[in-house]
1. Residues ASN119, ASN20, ASN112, ASN85: which one is of a type in the set (S, T, N, Q), at pLDDT below 95, out of contact with any Cys (no Cβ under 6 Å at 6 or more places or on another chain) and closer than 26 Å to MET181 by Cβ?
2. Within the range 125-156, restricting attention to residues that are in contact (Cβ under 8 Å) with a residue 60 or more places away in the chain and in a loop (DSSP other than H, G, I, E, B), which residue is surrounded by the most Cβ atoms within 10 Å (Cβ to Cβ)?
3. Looking at the range 27-36, which of its residues are more than 14 Å from the chain's Cα centre (by Cα) and of a type outside the set (Lys, Arg)?
4. Do we find that ARG67 is of a type outside the set (A, V, I, L, M), within 21 Å of ALA168 (Cα to Cα) and either part of a helix (DSSP H, G or I) or in contact with a Phe, Trp or Tyr (Cβ under 9 Å, 6 or more places away or on another chain) (or both) in this structure?
5. What is the number of the single condition among (1) touching a Gly at 6+ places or on another chain (Cβ under 8 Å); (2) of a type in the set (Asp, Glu); (3) under 16 Å from GLY6 (Cα atoms) that GLU159 does not meet?
6. I'm checking my understanding of the structure. Among residues of the range 80-124 that are surrounded by 16 or more Cβ atoms within 10 Å (Cβ to Cβ) and among the hydroxyl-bearing types (Ser, Thr, Tyr), which one is nearest to the chain's Cα centre (by Cα)?
Amino acid sequence: MKLIVGLGNPGARYERTRHNLGFRVVDEVAGRLSVACDKSECHAKTAHVRWRGHSLLLAKPQTYMNRSGEAVSALVYYYKIEPSNIMIVYDDLALPPGRLRVRAKGSAGGHNGVRSIINYLRTDGFPRIRIGIGSVPEGWAGADYVLAPFSKEEEPLIEEAIQRAADATLYWVEAGIDAVMREFNRTREPQA
């Protein structure tokens, strides 16, 4: 089984915020596979689906971003999923808006949701897709920025990034992390 987790915060208030990019990618993947993350289990909204011979579990933790590890670890331990079979998708302040970066493992890089997952799983050895949201503008508090919606000008760029992240996620299921890194880490400017 492969676990695909999008990070975000539950509730309509956070739905279109920068911090909920992971949720939006999982929703896109779910839509492509004709399922919905509407089952409640292990502190997450989930969907189970078979796709091209693979058993997939899509998940959106409902524990709020900073406690994402609670839901992810509950799913991992219940379903006995190896860290290499987990894909975490989330927003990243260190990347320009819309830029994707795929890694097989690594530190939290200042992201509290990823830090929580690393702490609960006791490993950083899980694949991840980071989607750039750009650095915090001058005069903004970090929390206010990540919990704000994208501007009308940013939305087309972000929508393209969501599509590409969903492509990368499904490619990972079939081809593995090395192939995804080769294909999706090539420098390509997002189309505005």
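The values are calculated or read from the model by the stated rules, or taken from the named source; none is laboratory data. Keep in mind that what you see is a predicted model, and the values were worked out from it rather than measured. Quick reminder, even Gly has a Cβ in these numbers, built from the backbone with ideal geometry, and neighbours come from all protein chains shown.
1. Only one candidate passes the filter, namely ASN112.
2. Result: ILE133.
3. The answer is GLY31, LEU33, SER34, VAL35, ALA36.
4. No; evaluated as a whole, the condition is false for this residue.
5. (1)
6. TYR90
Yes/no per residue for (1) touching an Asp or Glu at 6+ places or on another chain (Cβ under 9 Å); (2) within 19 Å of ILE162 (Cα to Cα); (3) assigned to a loop (DSSP other than H, G, I, E, B); (4) without any contact (Cβ under 8 Å) to a residue 12 or more places away in the chain:
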position	(1), (2), (3), (4)
CYS37	yes, yes, yes, no
PRO96	yes, yes, yes, no
ARG101	yes, yes, no, no
LYS105	yes, no, yes, no
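Residues are listed down the side, and each one gets a yes or a no for (1) charged (D, E, K, R); (2) within 30 Å of ARG52 (Cα to Cα); (3) touching a Lys or Arg at 6+ places or on another chain (Cβ under 6 Å); (4) at pLDDT 95 or above:
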| site | (1), (2), (3), (4) |
| --- | --- |
| THR123 | no, yes, no, yes |
| PHE126 | no, yes, no, yes |
| ASP144 | yes, no, no, no |
| GLU155 | yes, no, no, no |
| ALA161 | no, yes, no, yes |
| ALA165 | no, yes, no, yes |
| ALA175 | no, yes, no, yes |
| GLU183 | yes, yes, no, no |
| GLU189 | yes, no, no, no |
